[in-house]
Amino acid sequence: MKKYVIVGLLVVFTILMISSLLQAQVNATEEQKKVDKAYTCLQNNVKGNCSILSTEEKIFSLLAINQCKTELISASSNNGECWSSTSSDNCGIKTTAQAILSLKDAGSDTQPAQDWLLSQNKSTTELNWYLQIENSETTSCTIDYAESSYTVEIGEDKKIKGDTGQCLSLIQDDYWLQIHSSCYGQEFAISCDKGFSTTLLFSKADSSTIYVSSKMHGADAAGTTTEKVESACFSENNFCTYEGTLWAALTLDLLNKDVSRYLPYLITLAEDNPRFLPDAFLYLIKPSD
């Protein structure tokens, strides 16, 4: 019986996910027949059996057919704060995020679990971060941070010269400033004597692929922009969990929480984790251009 429950859950979830994300142009009647079959299979196998299902099966039964709510709540640890993963007695990021998603949809109070989930985030160390200052002509700029001010010159060739302090180093043939990992979380205030713009770039530590932050800031002469590295993941045993971060970010985003700090980690490590279908998650949570 258990095998058929799992199959039914996966069929329902996969069909709904693909239909929602890809908006496939298929025959609507045939598509509905597949969904109805999956629901019928699932309902027949779950009815009266919630108590013997795994936590994951309870989660998706509740999400798909609104069954097993009481049993899922009872399976939680610390009065509804979190849920154990299938392979460990410890609370799991993915399992807790999935439980929040299904219980919230069923009308339950999930605030304790949300608070627990948010307490499990940590700064990422897998990424390199860079500061880019763009201008249309020769410009003199000051960069203020850690109660100190540094002056740099940006030439017509866009190259940077000058003292950048302990947190920044010239890189990429002097076109960018690399931010040292010890200064992540530090706010950098940039001001120039001509109009300019600033943005953050990031990459995986061992990759040459560079990603541009979706946030660009501009200012007129003597104006100021601020940049700050805010990159985080969700961790288990003090290590980032990619799959867990995918589910946690998706769940929190659906709850209207700001998850922008998790996107750089998810985007840069997506190519290393294709088995988790990161593009489907990022399609839902990535900010529109």
(message) Restricting to DSSP H runs of at least four residues, report the calculated mean residue ellipticity at 222 nm for the chain, -39500 (n - 2.57) per run over all residues, nearest 500 deg cm²/dmol.
(response) -11000 deg cm²/dmol
(request) Of the listed values [x] 38, 21, 21; [y] 36, 20, 18; [z] 47, 21, 15, grab the one calculated as semi-axes √(5λ) of the Cα gyration tensor in Å from the structure here. (result) [z]
(message) Can you give me the long-range amide H partners of Gly223? Hydrogens built in the peptide plane at 1.01 Å from N, cutoff under 5 Å, separation of 5 or more residues or another chain.
(response) Cys192
(request) With θ set to phi - 60°, apply the Karplus curve 6.51 cos²θ - 1.76 cosθ + 1.60 along the stretch 258-266 and write out the HN-Hα couplings as whole Hz, x wherever there is a Gly or Pro. (result) 6, 10, 4, 5, 8, 5, x, 4, 5
(request) Could you pull the accessible area for Trp247 with a 1.4 Å probe, rounded to 10 Å²? (result) 20
(request) Keeping the other protein chains in place, figure out the carbon and sulfur percent of the accessible area of the stretch 114-208, with a 1.4 Å probe. (result) 41
(request) Distance between Cα centroids, the stretch 39-79 to the stretch 245-289: provide it in whole Å. (result) 26
(request) Sort 183-189, 248-254 for me by packing, meaning the mean count of neighbouring Cβ atoms within 10 Å per residue, highest on top. (result) 248-254, 183-189
(message) For a protection proxy built on the mean count of beta-carbon atoms within 10 angstrom, sort 273-283, 227-237 highest first, please.
(response) 227-237, 273-283
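The values are calculated or read from the model by the stated rules, or taken from the named source; none is laboratory data. No experiment lies behind these values; they were computed from the predicted model shown. Please note: Cβ atoms are built from the backbone with ideal geometry, for glycine as well, and neighbour counts cover all protein chains shown. To get the accessible areas, we keep the full protein, side chains included, count just its heavy atoms, and leave off ligands, DNA and RNA. Shrake-Rupley method; radii C 1.70, N 1.55, O 1.52, S 1.80 Å.
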